[in-house]
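The values are calculated or read from the model by the stated rules, or taken from the named source; none is laboratory data. For clarity, every value in this text was computed on a predicted model and none was experimentally measured. No Cβ is skipped: glycine too gets one built from the backbone with ideal geometry, and neighbour counts run over all protein chains shown. When the accessible area is computed, the model is the full protein with side chains, heavy atoms only, and any ligands, DNA or RNA have been set aside. Shrake-Rupley method; radii C 1.70, N 1.55, O 1.52, S 1.80 Å.
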Amino acid sequence: MTQILFHNINKKNLHTLEVYEKEGGYKGLKKAFAKEPGEIVEMVKASGLRGRGGAGFPTGLKWSFLAKDVFPRYLCCNADESEPGTCKDRELLQKNPHLLLEGMILCSYACKIETGYIYLRGEFYDLCEIMEGAIEEAYAKGYLGQNILGSGFNLDIHTHLGAGAYICGEESALLNSLEGGRGEPRMKPPFPAVQGLYEKPTVINNVETLCVVPFIVNNGPEKHAALGTEKSKGTKLVSVSGHVKKPGNYEIELGTPVREIIYDLAGGIRDDNQLKAYIPGGSSVPMVTADLVDTPYDYESLQAIGTMLGSGALIVIDDTVNIVETALRLTSFYMHESCGKCTPCREGTRWMWQLLQQIHTGKGQPEFVEKLEDICDNMSFKCFCPLGDAAVAPVISSIQKFRADYDELIAKLKADTAV
Amino acid sequence: MFAFSKEAEEKIEKILKKYPEERKRSALLPLLTLVQRQERHVNPDAMREIGRRLDLSPAYVQSVCSFYTMYSSKPVGKYLILFCVNISCQLNGCDVLLAHTAKKLNIEIGGTTNDMKFSLHREECLAACSGGPMMRINDTFYENLTAAKIDQILDSLD
């Protein structure tokens, strides 16, 4: 399988400038500087690259939306990796920080940006130090700063640590947090491309997305477009976790069947149990049943079965689990992380948690499932930001696909009461 | 009275250079983080001092501070154990291990040992899902935990 991000990820000392350069690093800069910035945007558009953080929005198109002739502009790299199940950006930051810097430099050149921030979740303190070491090396070598490689292009990149809030992975909440505020989402429009950081045009991209850009500039957009499927181009880092024998981050070509990821790459189900369910794209996307294991892992195919590719976190659940427990754990998470700004999310997550908790502890009444469905309906598309919809996904999908698990716990109560 | 350490002052100088002068409010989280790391909590005195430096009211500083889980109002132990209980870790048995850790330290989850050595907190996903069960102690991630491994890690900390 072709790899463009992980082919050398375990190379010793790849995090140093010396080794990164030996591996062909920073060659993209000269190639890019020989072109007009707009040409780089067109290359990224032609490559078919889509955002790898969760939404899957076409990257080149996002860059082309920047408000015309408004400066300064900013780049924010979203390194707030917090989606349950997702641990791919952490590996990139830890082992290949210069790849991210090169991607950020290329993006900044393409978008005429002179200041970039890397917003890392607060718990990534160690990675922030690695990143700062890499930034220092890049300045010393003239890859950052004034007049980079004699091109006349200037760029400063800074790290910025969050302080524990899942919601800051949502781009507008990230901006508020970076501006020294509470991490609450903003009303859109205006979108960040028009008014983002400090009310200026801003590009916000995920770590993995930016890390793909050097490959596109070095090898041409057609090389990237040749990978994957017709509409889902390129590769994807998939974080496989849960009940597999070999959990880990795997780079796959988009379109690889889920079965191959679970059974070949990740070694199959632990204790040779049966697969019961999987969540393909992090906790915010609907879970699906085991019979859909032959679905190709790409944006369209996963959408066709009612779920999403999301951040690329494949959570594998075997047949020893009652799904109510999974739904309860995830709801507890969303309740904890709801920022409280809007009512449906703040209240809805708590109500769902209370009902699930009662069902799980054997106090569930038959009408509780209907109540859960009703709350889901009242939250869907009615919350201020996508966190509300994310909180609905595990609950409603678990009811729709694993109703028997709910009924089993509720029937148990009735049987116990009868005795 | 609260005062930043000399080391922290050097860091503040660098931090303030990251943001446009008229946007120095951006330094709020980084400065709160410095306080948390120095004092192991953030108290009102420190908030006032940060407000003074960034031209922010103490009330504003507190409203931001209270939003983020990594700032604590009471001092945490020398070793802050954040134990992930989210989905991937749960599927791999973190609940039993968290209970084991609490029992070993003889504290409630969320509590701190009397000698202020350990605090144990339940934590949401820390982005180490393929290494679950996992915990973070101060800045270090410990993955693929077992009861024996936890005992060994805790015993090795002085």
Residues being closer than 26 Å to B:Asp139 by Cα and of a type in the set (Lys, Arg): count how many of those fall in region B:34-72.
2
Considering region A:237-267, residues that are within 14 Å of chain B (Cβ to nearest Cβ), without any contact (Cβ under 8 Å) to a residue 24 or more places away in the chain and surrounded by fewer than 23 Cβ atoms within 10 Å (Cβ to Cβ), and then whichever is nearest to A:Glu91 (Cα to Cα), we arrive at A:Gly248
Taking region A:320-370 and keeping residues of a type in the set (Val, Ile, Thr), open to solvent by 60 Å² or more (accessible area, probe 1.4 Å) and either at pLDDT 95 or above or under 22 Å from the mean Cα position of the chain (by Cα) (or both) leaves A:Thr320, A:Thr343
Considering only region A:327-419, give the helices (runs of 4 or more DSSP H) lying wholly within it that have at least 1 residues that are touching a strand residue (DSSP E or B) at 6+ places or on another chain (Cβ under 8 Å) and in contact (Cβ under 8 Å) with a residue 12 or more places away in the chain.
A:386-401
Note down all Cβ pairs under 9 Å where the first residue falls in region B:57-78 and is farther than 24 Å from B:Thr113 by Cα and away from chain A (no Cβ under 13 Å), the second is of a type in the set (Val, Ile, Thr) and surrounded by 21 or more Cβ atoms within 10 Å (Cβ to Cβ), and they're at least six residues apart or on different chains.
B:Pro58/B:Ile50
Do you know which residues across region A:1-32 are of a type in the set (Val, Ile, Thr) and buried (at least 17 other Cβ atoms within 10 Å of the Cβ)?
A:Ile4, A:Ile9
Options A:Glu102, A:Glu129: the member that is within 13 Å of another protein chain (Cβ to nearest Cβ), acidic (Asp, Glu) and more than 20 Å from B:Cys129 (Cα to Cα):
A:Glu129
For B:Leu34, are the conditions met, namely being closer than 20 Å to A:Ala165 by Cβ and more than 9 Å from chain A (Cβ to nearest Cβ)?
yes
In region B:24-56, what residues are touching a Phe, Trp or Tyr at 6+ places or on another chain (Cβ under 6 Å) and free of Cβ contacts under 8 Å to residues at least 24 places away in the same chain?
B:Ser26
Restricting to helices (runs of 4 or more DSSP H) lying wholly in region A:1-87: which have 2 or more residues that are in contact with a Phe, Trp or Tyr (Cβ under 9 Å, 6 or more places away or on another chain)?
A:17-22, A:27-33, A:37-47
Identify all residues within region A:268-289 that are over 13 Å from A:Leu314 (Cβ atoms) and open to solvent by 10 Å² or more (accessible area, probe 1.4 Å); write none if there are none.
A:Arg270, A:Asp271, A:Asp272, A:Asn273, A:Gln274, A:Lys276, A:Ser284, A:Pro286, A:Thr289
Taking region A:242-267 and keeping only residues that are under 24 Å from B:Asn144 (Cα atoms) and assigned to a loop (DSSP other than H, G, I, E, B), one is left with A:His243, A:Lys245, A:Lys246, A:Pro247, A:Ala266, A:Gly267
Failed item, numbered, when A:Ile118 is tested on (1) surrounded by 24 or more Cβ atoms within 10 Å (Cβ to Cβ); (2) of a type in the set (Val, Ile, Thr); (3) at the interface with chain B (Cβ under 10 Å from one of its Cβ atoms):
(3)
Can you find a residue that is open to solvent by less than 10 Å² (accessible area, probe 1.4 Å), within 14 Å of chain B (Cβ to nearest Cβ) and under 24 Å from B:Cys125 (Cβ atoms) anywhere in region A:216-236?
no
Can you find even one residue in region A:60-70 that is surrounded by fewer than 19 Cβ atoms within 10 Å (Cβ to Cβ), of a type outside the set (S, T, N, Q), out of contact with any helix residue (DSSP H, G or I) (no Cβ under 8 Å at 6 or more places or on another chain) and over 14 Å from A:Ala193 (Cβ atoms)?
no
Any residue in region A:273-286 that is in a helix (DSSP H, G or I), in contact with an Asp or Glu (Cβ under 7 Å, 6 or more places away or on another chain) and more than 12 Å from chain B (Cβ to nearest Cβ)?
no
Quick check, is A:Val321 within 11 Å of chain B (Cβ to nearest Cβ) and under 26 Å from A:Leu409 (Cα atoms)?
yes
Say we look at region A:140-158 and pick out the residues that are more than 19 Å from A:Pro72 (Cβ to Cβ) and either within 13 Å of chain B (Cβ to nearest Cβ) or outside any helix (DSSP H, G or I) (or both); which of these is most open to solvent (accessible area, probe 1.4 Å)?
A:Lys141
Among the candidates A:Glu42, A:Glu83, single out the residue that is open to solvent by 20 Å² or more (accessible area, probe 1.4 Å), at pLDDT 95 or above and under 18 Å from the mean Cα position of the chain (by Cα).
A:Glu83
Among A:Val203, A:Val194, the single one that is aliphatic (A, V, I, L, M) and buried (at least 24 other Cβ atoms within 10 Å of the Cβ) is A:Val203
Acidic (Asp, Glu), over 16 Å from A:Ser239 (Cβ atoms) and outside any helix (DSSP H, G or I) - does that describe any residue in region A:306-321?
yes
Run A:Met308 past the list (1) more than 22 Å from A:Pro386 (Cα to Cα); (2) open to solvent by 10 Å² or more (accessible area, probe 1.4 Å); (3) touching a Gly at 6+ places or on another chain (Cβ under 7 Å) and report the number of the one that doesn't hold.
(1)
Region A:162-182: number of residues that are more than 7 Å from every other protein chain (Cβ to nearest Cβ), assigned to a helix (DSSP H, G or I) and either open to solvent by 10 Å² or more (accessible area, probe 1.4 Å) or β-branched (Val, Ile, Thr) (or both):
4
Check A:Val244, A:Val194 and return the single one that is of a type in the set (A, V, I, L, M), within 30 Å of A:Ala391 (Cβ to Cβ) and in the same structural domain as A:Gly310 (by TED's automatic domain parsing).
A:Val244
